[in-house]
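Worksheet: the structure to be examined is printed underneath.
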Amino acid sequence: MGIAAVTHDRDWLEVRFDDGVTRRFLGTWLRDNITSGRHRDDGQRTFDINALPEVSIAGATSDADSATVTFAPEGIDGTYYEQWFRQHGSTNGTSAGVTPSPTLWGAEHQGSLRFADYPTLVEDPAALLEWLVEIRDLGFGLLENVPVTPGSIVGAVDLFGYVRFTNYGEIFEVRDEPNPANLAFTKLRIGMHTDNPYRDPVPGLQLLQCLVNESDGGDNQLVDGFAIADQIRNDHPEAFNLLTSHPVRFRYLDGDSADLQSFMPVIQLDAQGRVVCIRYNSRSVQAFEMPEDVIADYYRAYRTLGELLHEPGACVEFRLEPGQLMAFDNQRVLHGRTAYTTGARHLQGCYADKDSLHSRIRVLESAR
Ligand SMILES: [Fe+2]
């Protein structure tokens, strides 16, 4: 495969590849992406667009591997390789490589649950990569044999990134007392939710590690919010439109130390219409602020979402024992907990960002 020929006019370079494909590239785009305009070591562009004159193509030559273009009025040359044309010359940009393609799942995934071995992940980059890819694609990963010592959850985050500090601190405690003094220490079931929808940005990853579990229940439940959103998009398109286009307010108020608020849709889409974030938390969502002709339909849509999130066919369920940990995409996977009646239960949790997870995956993949 190579370049068969190039032709040009003032504004456009036309490249005919030897497989018969012909593509046109704008001169300004070529000049903007000239190799010499990027730092040799980190690939960062060294100039702003306003530093460029109005560009035209003064000449172009090619051989099988590359094309060299001369730009006016500067009179400088840029060389572009066939591979580069093919990689970068997409006519319709996608978020490939940035936004992962999720593998959607439901309760049938229960049989495929697996706990990775923490000491192995610390030693073996291939095993670590496999676990991180699982978190990226499924939205969660499970780990076992993590030291059962307070704070060891940070070691799990160190595998790929950094703990995100919040006003809850570096680590937060999920502890239930045998004789609860108030609602905060209840053993009641906790419905499906995402954490901290009132933050901007919402924490991308949450990790929860079990230190003590002597309870007679308290199993963890996870549901794939992207799978549910997909189901609503297909089966209830009107509901999907309402849930993606009408923001709601989330709030966390803590005396005079914190008043966190956001105003965002429950299902958030990116510029290409892909679901990128679910915000669902009955405790922190505030009274809906919507027009009269919307709010009744919105409630129906919101109820549909709530019902689907809590259907038995949607979730996987497992018990975390001391030394076991779950890491999940808090912008995609909702978590809940079954009720229990007796026994101590102590988990520690923390947040982290997804960009470092994805970065670590790319680095480990390129090192293979
Ligand atoms: Fe939570």
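The values are calculated or read from the model by the stated rules, or taken from the named source; none is laboratory data. This is a predicted model, so every value here is computed, not measured. Ideal geometry is used to build each Cβ from the backbone, glycine not excepted, and the neighbour counts take in all protein chains shown.
Checked against (1) modelled with pLDDT under 95; (2) within 16 Å of the ligand (Cβ to nearest atom); (3) over 18 Å from LEU334 (Cα atoms), ASN182 passes all but a single condition, namely (2).
For segment 194-212, filtered to residues that are surrounded by 23 or more Cβ atoms within 10 Å (Cβ to Cβ) and over 22 Å from LEU142 (Cβ atoms), the residue that is nearest to the ligand (Cβ to nearest atom) is PRO197.
With respect to being assigned to a strand (DSSP E or B), more than 12 Å from the chain's Cα centre (by Cα) and either within 14 Å of the ligand (Cβ to nearest atom) or surrounded by fewer than 20 Cβ atoms within 10 Å (Cβ to Cβ) (or both), GLY349 fits the description.
Within segment 47-73, being without any contact (Cβ under 8 Å) to a residue 24 or more places away in the chain, surrounded by 10 or more Cβ atoms within 10 Å (Cβ to Cβ) and either on the phi > 0 side of the Ramachandran plot or in contact with a helix residue (DSSP H, G or I) (Cβ under 8 Å, 6 or more places away or on another chain) (or both) holds for one residue alone: PHE47. Filtered by the rule that a residue be of a type in the set (Gly, Ala, Ser), in contact with a Lys or Arg (Cβ under 9 Å, 6 or more places away or on another chain) and either at pLDDT 95 or above or not assigned by TED's automatic domain parsing to the domain that holds ARG136 (or both), segment 337-368 gives a lone residue, ALA352.
Filtered by the rule that a residue be part of a loop (DSSP other than H, G, I, E, B) and surrounded by 10 or more Cβ atoms within 10 Å (Cβ to Cβ), segment 1-45 gives MET1, GLY2, ASP9, ARG10, ASP11, ASP18, VAL21, ASN33, ILE34.
Give the number of residues within segment 41-69 that are under 41 Å from the mean Cα position of the chain (by Cα), of a type outside the set (Asp, Glu) and within 19 Å of ILE3 (Cα to Cα). Residues flagged as under 41 Å from the mean Cα position of the chain (by Cα), of a type outside the set (Asp, Glu) and within 19 Å of ILE3 (Cα to Cα) within segment 41-69 amount to 6. Residues in segment 218-255 that are assigned to a helix (DSSP H, G or I), touching a helix residue (DSSP H, G or I) at 6+ places or on another chain (Cβ under 8 Å) and closer than 15 Å to LEU269 by Cβ: GLY225, ILE228, ALA229, ILE232, ARG233, ALA239, PHE240, LEU242, LEU243.
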